[in-house]
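Worksheet: the structure to be examined is printed underneath.
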Amino acid sequence: MCKNVVRIFVIILSALNLGIAQIPNQYGLTIISDLQKLKETIREDPNKALVPIKDYVPNIALDIKYATAQNVFYTQLYKKPAALVRLPVAKALGAVQKELNAQGFSLKIYDAYRPYSVTCQMFEILPDTLYMGLPWQGSKHNRGIALDLTLINLKTKKELKMPTPFDALVYAAHPEFMKLPQEVIKNRELLKSAMKKHGFKVDPMEWWHFNYVSNTTFELLDIPFERL
Ligand SMILES: [Zn+2]
């Protein structure tokens, strides 16, 4: 009897919880940190599914820098390597990869979906308002629609020469920077044009960062990889 009352109470509480509006954080941002809430949004719009890139992009290489301490923050920010994006982003990336594979190249992913709390952690370590994702705005990585990536040779798996290493916070990382060897410009332009053709826009400060352009509002997420 008593157990049943508790069970009913729990069911009512869960139902109420689902109906409660998300409470904005200290910056006024509404962030989904609950897996059930994310699943609700996916039920309403299946394009909001957060999917592993490797399921949609054959031959994709992963080099998730923030799952190691070999990054600009000298800190391991992810417990394990993971590369997830929203469904239409994965499909578009598949189309980019198909085109590049035909030319003997492949994409290599440095970062994809990034939980909001990691963006805040990054800003704490490196409070740079020019290059960093801002905690009071949230980043497109937090929405699952941004990618950091480069090109590799499909056979040798070696990276093509690009203007700078990943996350180099320098002027030469700007995607329009031209004081570079012809080969480097050619490689960067190949990446830019293949991504642009399938709906991605390069960041004005970082040749490796691309946002997926969409009319859908993809919510900011703060769900760790191990719960996804
Ligand atoms: Zn990025």
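The values are calculated or read from the model by the stated rules, or taken from the named source; none is laboratory data. Quantities reported herein were computed from a predicted structural model and do not represent experimental measurements. Glycine gets a Cβ as well: all are built from the backbone with ideal geometry, and neighbour counts include every protein chain shown. Surface accessibility is based on the protein's heavy atoms, side chains included, excluding ligands, DNA and RNA. Shrake-Rupley method; radii C 1.70, N 1.55, O 1.52, S 1.80 Å.
Values for this structure:
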item: Matching residues, segment 138-159, being β-branched (Val, Ile, Thr) and in contact with a helix residue (DSSP H, G or I) (Cβ under 9 Å, 6 or more places away or on another chain); result: 145, 150
item: Members of segment 160-198 found to be out of contact with any helix residue (DSSP H, G or I) (no Cβ under 6 Å at 6 or more places or on another chain), of a type in the set (D, E, K, R) and farther than 16 Å from residue 101 by Cβ, listed by number; result: 167, 176, 179, 183, 186, 188, 189, 192, 196
item: Matching strands (runs of 3 or more DSSP E) fully within segment 119-228 where at least 3 residues are at pLDDT below 95 and surrounded by 14 or more Cβ atoms within 10 Å (Cβ to Cβ); result: none
item: Pairs where the first residue, in segment 174-201, is in contact (Cβ under 8 Å) with a residue 60 or more places away in the chain and aliphatic (A, V, I, L, M) and the second is in a strand (DSSP E or B) and open to solvent by less than 70 Å² (accessible area, probe 1.4 Å), C-beta under 6 Å, 6+ apart; result: 195/210
item: Members of segment 120-136 found to be within 14 Å of the ligand (Cβ to nearest atom) and either touching a residue at least 24 places away in the same chain (Cβ under 8 Å) or hydrophobic (A, V, I, L, M, F, W, C) (or both), listed by number; result: 122, 123, 126, 128, 130, 131, 132, 134
item: Residues satisfying the stated conditions in segment 18-55, i.e. open to solvent by 90 Å² or more (accessible area, probe 1.4 Å) and either assigned to a loop (DSSP other than H, G, I, E, B) or of a type in the set (Phe, Trp, Tyr) (or both); result: 20, 23, 26, 27
item: Which listed residue, of 47, 101, is modelled with pLDDT of 95 or more and more than 20 Å from residue 192 (Cα to Cα); result: 47
item: Conditions (1) within 13 Å of the ligand (Cβ to nearest atom); (2) in contact (Cβ under 8 Å) with a residue 40 or more places away in the chain; (3) closer than 29 Å to residue 34 by Cα: number failed by residue 117; result: (1)
item: Subset of segment 206-228 that is within 16 Å of the ligand (Cβ to nearest atom) and of a type in the set (Phe, Trp, Tyr) - its residue that is nearest to residue 44 (Cα to Cα); result: 218
item: Enumeration of residues in segment 59-73 that are modelled with pLDDT under 95 and open to solvent by 80 Å² or more (accessible area, probe 1.4 Å); result: 59, 70
item: Residues located in segment 137-168, provided they are closer than 24 Å to residue 86 by Cα and away from the ligand (no atom under 14 Å from the Cβ); result: 151, 152
item: Residue tally, condition touching a residue at least 40 places away in the same chain (Cβ under 8 Å), assigned to a helix (DSSP H, G or I) and either closer than 13 Å to residue 149 by Cβ or open to solvent by less than 40 Å² (accessible area, probe 1.4 Å) (or both), over segment 75-110; result: 10
item: Subset of segment 29-74 that is of a type in the set (Gly, Ala, Ser) and touching a residue at least 60 places away in the same chain (Cβ under 8 Å) - its residue that is nearest to residue 157 (Cα to Cα); result: 61
item: Selection status of residue 203, in contact with a Phe, Trp or Tyr (Cβ under 9 Å, 6 or more places away or on another chain), of a type in the set (Asp, Glu) and within 16 Å of the ligand (Cβ to nearest atom); result: yes
